[in-house]
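Structure first, then comments.
The values are calculated or read from the model by the stated rules, or taken from the named source; none is laboratory data. Please read these numbers as outputs of a predicted model, since none were measured by experiment. Glycine gets a Cβ as well: all are built from the backbone with ideal geometry, and neighbour counts include every protein chain shown. Quick note on the areas: whole protein, heavy atoms, side chains included, nothing else; ligands and nucleic acids left out. Shrake-Rupley method; radii C 1.70, N 1.55, O 1.52, S 1.80 Å.
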Amino acid sequence: MDRLAFDIAHLLAGGLVLVSFMMLYQDRLYALLNIFAVHALVLAASVGWQAHIQDAPHLYVTAGIALVFKGLVIPMALHRMIQRLGIHREIETVIGVGPTMLAGMGLVALSVAVMLQVTEGADPIAREDLAFALAVVLLGLLMMVTRRNAVSQVVGFMSLENGLVLAATGARGMPLVVEISVAFSILIAFIVIGIFLFRIRERFDTVDVQALDRHRGERQ
Amino acid sequence: MSAITGLLAGIGALLVTALGGIAFGRHAAGRLLVYGTAMLLCSAMAALALAHLLDPAAAPSTAWLPLGLPWQGALFRLDALSAFFAVVIGLGGAVASLFALGYGRHEHAPGRVLPFYPLFLAGMNLVVLADDAFSFLLSWEFMSLSSWALVMAHHQERDNARAGYVYLVMASFGTLALLLCFGLLASASGDYTFGAMRAAAQGSAATLPVLALALLGAGSKAGIVPLHAWLPLAHPAAPSHVSALMSGVMTKVAVYGFIRIAFDLSGEPQWWSGFLVLLVGGATAVLGVLYALMQHDLKRLLAYHTVENIGIIYIGLGLALAFQSNGLPAAAALALTAALFHVFNHSAFKSLLFFGAGAVLAATGERDMERLGGLIHRMPMTAFAFLAGCIAISALPPLNGFVSEWLTFQAILQSPELPQWALKIMVPAVGGLLALSAALAAACFVKAYGIGFLGRPRSDAARDAKEADAFSLTAMFVLAGLCLAAGILPGFVIDALAPAMQALLGERMPLQAGVDWLSIVPVAAGRSSYNGWLVFAFIALSASLAVVIIHRFASHARRRAPAWDCGTPDPDPATQYTAGSFAQPIRRVFGTWIFAAREQVEMPPPGSTAPARHVAVVRDLLWEWLYAPVAGAVAFASGRLNVLQFLTIRRYLALVFLALVSLLLVLAIWP
């Protein structure tokens with residue numbers, strides 16, 4: 001049973017990393033949102049499994065929050081936003097897909113190397129989880145760096161936060177209030193960024209953040 | 001109520017007075033309120049500290065306040081050393097407040113001075129009472145920042161903003177050095193209280209980093225060369241009573257910091273520490289006075305003399321370290337007594353001289369000596385008090401400056417007992433430097449007094465000068481009296497300093513109270529002694545005798561004749577001797593290599609009606625070689641890094657990302 005529990009936890013966390021990779025090469029916004037919903041789904045499954053094996057019922061609440069907000073509410077809201085902004089046809093990456101994927105693989109290797117070295121002697125589940133969580137965080141950051149469109153930067157940010165939740169649930173005894181406060185702060189950040197997006201749009205007729213730079217008189 | 005509680009209550013009252021300064025800063029009543037209260041409080045605190053110092057049974061008293069670090073609080077302690085410095089601060093503060101009662105009338109922006117003045121006094125008192133590193137550094141910064149605010153009181157005037165900036169940078173540098181120094185001391189003891197540091201240092205040798213950091217940190221505030229650059233800029237920029245406090249008192253608080261670390265907290269002194277401090281002290285004394293000679297701005301000249309006197313004090317401290325490290329505590333007590341005596345003396349006569357400069361500034365609006373002159377007729381009382389200060393600072397008997405420098409020389413004469421050859425050679429050389437600086441100081445004050453107060457007025461402002469007010473004059477005469485009293489009764493000061501010597505060195509100078517005829521005997525009656533009374537009586541008697549003889553027996557016929565004028569009769573006051581011409585010989589002898597001084601004569605071509613010009617150029621090589629490169633490097637780096645201010649959002653994110661990844665890489669690769 002222990003062996004199986006460990007393998008399933010490992011599988012789900014690894015799946016989260018895999019979905020992060022999938023997000024990296026999506027160049028259409030709708031597809032990106034769909035993958036993000038899948039990301040949240042896998043996260044919810046992973047957190048739910050952790051709740052099961054750790055006998056921590058409050059983690060079910062976290063899984064529920066992940067499922068409802070990140071799996072449904074936020075992707076749908078972003079969907080509507082993209083519709084209203086009329087940018088569903090836009091394609092953008094700053095760096096090509098190939099180099100991005102290579103960089104992502106390097107980051108995963110780095111996070112595994114770091115975590116396995118640092119957390120020697122810790123609970124093996126938490127150890128693997130932490131390595132994967134760091135990989136997800138780094139991939140989210142990579143996505144924020146390589147994208148130009150504000151919506152995909154928001155998605156990158158959200159996936160980064162998924163990695164944080166994964167790390168938090170992997171560690172035993174993390175109180176629920178921490179997770180709830182993280183979830184709410186993300187929700188508020190989402191709302192702020194949403195409003196911000198519309199403001200950018202109103203002013204510059206695009207959500208390409210390069211417009212901001214042009215407005216500041218920078219050369220790109 | 002113990003002495004320390006009283007002092008802390010006084011500090012609290014000073015902080016409350018600052019609130020009064022804020023509330024009534026714009027009214028004339030605010031001046032009377034703030035300076036009057038500060039004067040009373042400082043006098044009371046000085047009396048309290050003096051009583052503690054003179055009480056033979058007094059043990060160090062401590063206090064604890066629930067401020068500062070949460071698990072430690074703020075510890076305060078009053079021992080003989082801090083009591084002595086509290087007396088210096090209290091006296092200086094009381095007299096400066098008395099002076100400011102009158103001088104403050106000329107202040108055009110009292111709202112910028114009154115709130116910070118009591119804070120400054122409180123900060124200095126807190127430094128000498130602090131008994132843990134955190135409170136010490138906090139009080140130290142408090143003192144620096146409140147004095148910076150006072151320097152910036154007249155920020156519209158030319159160069160004052162730069163002076164404030166340089167001061168702030170140097171003060172931060174000094175605090176950083178002290179912070180590292182206390183960090184090293186605390187690493188030995190594991191605790192930030194001075195008590196723990198003292199216990200950990202017991203029996204262990206002082207280390208070079210601790211001493212070097214203490215020298216840099218306290219020295220940058222005291223003004224040792226080459227860290228003095230801020231001092232002649234900032235001290236003159238403040239209002240004159242604050243200049244007096246900064247020059248006369250705040251530099252002494254810095255000396256206190258150095259003594260506390262070097263003699264009390266860092267363990268057994270080593271002979272090289274004495275060597276290092278002697279070297280710094282000698283260089284500071286001579287360079288300070290040479291800089292002063294090149295100055296024609298009265299207040300700046302006085303500020304450079306502070307540098308010189310700090311050098312003399314550090315020479316005493318270096319001698320004390322050298323003797324103590326070689327197991328000669330009696331000689332060390334003599335050297336340290338000389339240094340502390342000079343601390344007291346300098347605070348008295350430097351405050352007096354700054355008051356005089358302030359009175360001149362208030363009466364004429366001039367600080368440039370080339371535009372003064374003849375003030376002895378218009379401000380006779382100020383001129384007399386200023387003369388007393390000049391005599392004291394030039395180390396002429398019977399005033400106090402002579403006694404402390406004489407004691408320093410007595411300590412230098414003990415140097416053959418030192419075993420290290422480096423010290424055997426170094427100490428007499430430093431003695432030579434000390435003698436040179438004393439002689440040059442005398443020349444410099446002949447210049448300051450002769451050009452400023454004698455001769456004919458060189459400007460309309462000097463011609464129309466009025467005598468200073470009663471408060472200012474009282475303050476100056478109190479200090480002049482103090483200089484005379486300490487000069488003719490030095491034994492009392494030496495005996496008062498004995499408990500501090502006993503605590504720091506385990507030895508004291510011989511008791512002076514029992515010596516016949518009020519003489520002082522630093523080592524033994526057979527070797528040397530000095531009697532201030534005798535010298536004073538001789539000078540007074542011979543001078544009066546000369547006056548009597550001249551007025552009684554000389555011819556009373558009055559004869560008027562033209563002054564010698566080099567064959568070109570010209571009534572213009574500009575033909576008088578000037579400060580520049582007085583300093584020329586010394587500039588030619590020393591200045592050519594220290595200041596790269598050059599003189600050139602520009603002759604107009606034949607037929608031209610333009611005047612011939614004589615141009616003397618003096619450069620500050622220390623600034624050009626030490627400070628300018630550092631400033632240039634910082635400007636270059638910030639110019640390069642300025643690009644980072646204007647990146648795109650994505651690039652900022654990429655920077656954060658790259659920083660994170662590279663840190664993780666380090667973590668992964670690090671074994």
Suppose we filter A:104, A:48, A:64, A:71 for residues that are within 14 Å of another protein chain (Cβ to nearest Cβ), touching a residue at least 12 places away in the same chain (Cβ under 8 Å), part of a helix (DSSP H, G or I) and not hydroxyl-bearing (Ser, Thr, Tyr); which single one remains?
A:104
I need the helices (runs of 4 or more DSSP H) fully contained in segment B:154-273, keeping only those with at least 1 residues that are within 23 Å of the chain's Cα centre (by Cα) and within 25 Å of residue B:634 (Cα to Cα).
B:160-189, B:208-222, B:231-237
By residue number, the members of segment A:117-130 that are surrounded by fewer than 23 Cβ atoms within 10 Å (Cβ to Cβ), more than 9 Å from chain B (Cβ to nearest Cβ) and of a type outside the set (Lys, Arg) are A:119, A:120, A:121, A:122, A:123, A:124, A:125, A:126, A:128
Hey, can you tell me all the residues within segment B:278-290 that are crowded, with 24+ Cβ neighbours inside 10 Å, β-branched (Val, Ile, Thr) and either in contact with a strand residue (DSSP E or B) (Cβ under 6 Å, 6 or more places away or on another chain) or over 14 Å from residue B:227 (Cβ atoms) (or both)?
B:289
Answer from A:2, A:27 - the residue that is of a type in the set (Asp, Glu) and in contact (Cβ under 8 Å) with a residue 12 or more places away in the chain
A:27
Going through segment B:388-438 in order, the residues found to be farther than 18 Å from residue B:280 by Cα, without any contact (Cβ under 8 Å) to a residue 60 or more places away in the chain and of a type in the set (Phe, Trp, Tyr) are B:421
Segment B:347-368, residues that are touching a helix residue (DSSP H, G or I) at 6+ places or on another chain (Cβ under 6 Å) and of a type in the set (Gly, Ala, Ser)
B:347, B:348, B:351, B:356, B:357, B:358, B:359, B:362, B:365
Going by what's in this entry, would residue A:155 be described as modelled with pLDDT of 80 or more and of a type in the set (A, V, I, L, M)?
yes
Of everything in segment A:1-16, what is crowded, with 21+ Cβ neighbours inside 10 Å and either in contact with a His (Cβ under 9 Å, 6 or more places away or on another chain) or β-branched (Val, Ile, Thr) (or both)? Give them in sequence order.
A:16
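Need at least 3 residues that are modelled with pLDDT of 85 or more and surrounded by fewer than 14 Cβ atoms within 10 Å (Cβ to Cβ) per element, so show me which helices (runs of 4 or more DSSP H) inside segment B:457-569 make the cut, counting only ones lying wholly within it. First the steps, then the outcome.
Values: elements: B:460-463, B:470-488, B:490-505, B:532-553.
Of the helices (runs of 4 or more DSSP H) lying wholly inside segment B:457-569, those with at least 3 residues that are modelled with pLDDT of 85 or more and surrounded by fewer than 14 Cβ atoms within 10 Å (Cβ to Cβ) span B:532-553.
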Would you confirm whether or not segment B:296-306 contains a residue that is of a type outside the set (Phe, Trp, Tyr), closer than 15 Å to residue B:214 by Cα, open to solvent by 10 Å² or more (accessible area, probe 1.4 Å) and not in a helix (DSSP H, G or I)?
no
If residue A:142 satisfies every condition in (1) without any contact (Cβ under 8 Å) to a residue 40 or more places away in the chain; (2) over 16 Å from residue A:15 (Cα atoms); (3) within 13 Å of chain B (Cβ to nearest Cβ) but one, which is the exception?
(1)
Just name the residue that is farthest from residue B:304 (Cα to Cα) out of those in segment B:614-630 that are open to solvent by less than 60 Å² (accessible area, probe 1.4 Å) and either assigned to a helix (DSSP H, G or I) or in contact with a Ser or Thr (Cβ under 9 Å, 6 or more places away or on another chain) (or both).
B:628
Report, by residue number, each residue of segment B:53-75 that is within 11 Å of residue B:3 (Cβ to Cβ) and over 25 Å from the mean Cα position of the chain (by Cα).
B:55, B:58, B:59, B:60, B:61, B:62, B:63
Please verify whether segment B:612-619 includes one or more residues that are at the interface with chain A (Cβ under 10 Å from one of its Cβ atoms) and among the aliphatic types (A, V, I, L, M).
no
For residue A:40, state whether it is surrounded by fewer than 16 Cβ atoms within 10 Å (Cβ to Cβ) and within 19 Å of the chain's Cα centre (by Cα).
no
Considering only residues that are within 17 Å of residue B:357 (Cα to Cα) and surrounded by 24 or more Cβ atoms within 10 Å (Cβ to Cβ), look in segment B:88-103 and name the one that is nearest to the chain's Cα centre (by Cα).
B:92
Looking at segment B:594-604, is at least one residue at pLDDT 85 or above, away from every other protein chain (no Cβ under 14 Å) and part of a loop (DSSP other than H, G, I, E, B)?
yes
Identify the residue in segment B:290-324 that is within 13 Å of the chain's Cα centre (by Cα) and among the aliphatic types (A, V, I, L, M) and, among all such residues, is farthest from residue B:597 (Cα to Cα).
B:313
In segment A:107-116, which residues are without any contact (Cβ under 8 Å) to a residue 24 or more places away in the chain, crowded, with 18+ Cβ neighbours inside 10 Å and either in contact with a strand residue (DSSP E or B) (Cβ under 8 Å, 6 or more places away or on another chain) or at the interface with another protein chain (Cβ under 8 Å from one of its Cβ atoms) (or both)?
A:114
Looking at this structure, is residue B:43 within 25 Å of the chain's Cα centre (by Cα) and closer than 30 Å to residue B:337 by Cβ?
yes
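Please indicate, with yes or no, whether at least one residue in segment B:579-593 is open to solvent by less than 100 Å² (accessible area, probe 1.4 Å) and outside any helix (DSSP H, G or I).
No, segment B:579-593 contains no residue that is open to solvent by less than 100 Å² (accessible area, probe 1.4 Å) and outside any helix (DSSP H, G or I).
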Of all the residues that make up segment B:631-662, how many are open to solvent by 90 Å² or more (accessible area, probe 1.4 Å), modelled with pLDDT under 90 and more than 8 Å from chain A (Cβ to nearest Cβ)?
3
Residue tally, condition of a type outside the set (Lys, Arg), surrounded by fewer than 24 Cβ atoms within 10 Å (Cβ to Cβ) and in a loop (DSSP other than H, G, I, E, B), over segment B:350-372
2
For residue A:134, indicate whether it is at pLDDT 85 or above, within 18 Å of residue A:46 (Cβ to Cβ) and at the interface with another protein chain (Cβ under 9 Å from one of its Cβ atoms).
yes
Out of all the residues in segment B:24-65, which are in contact with a Gly (Cβ under 7 Å, 6 or more places away or on another chain), farther than 19 Å from residue B:196 by Cα and surrounded by fewer than 16 Cβ atoms within 10 Å (Cβ to Cβ)?
B:26
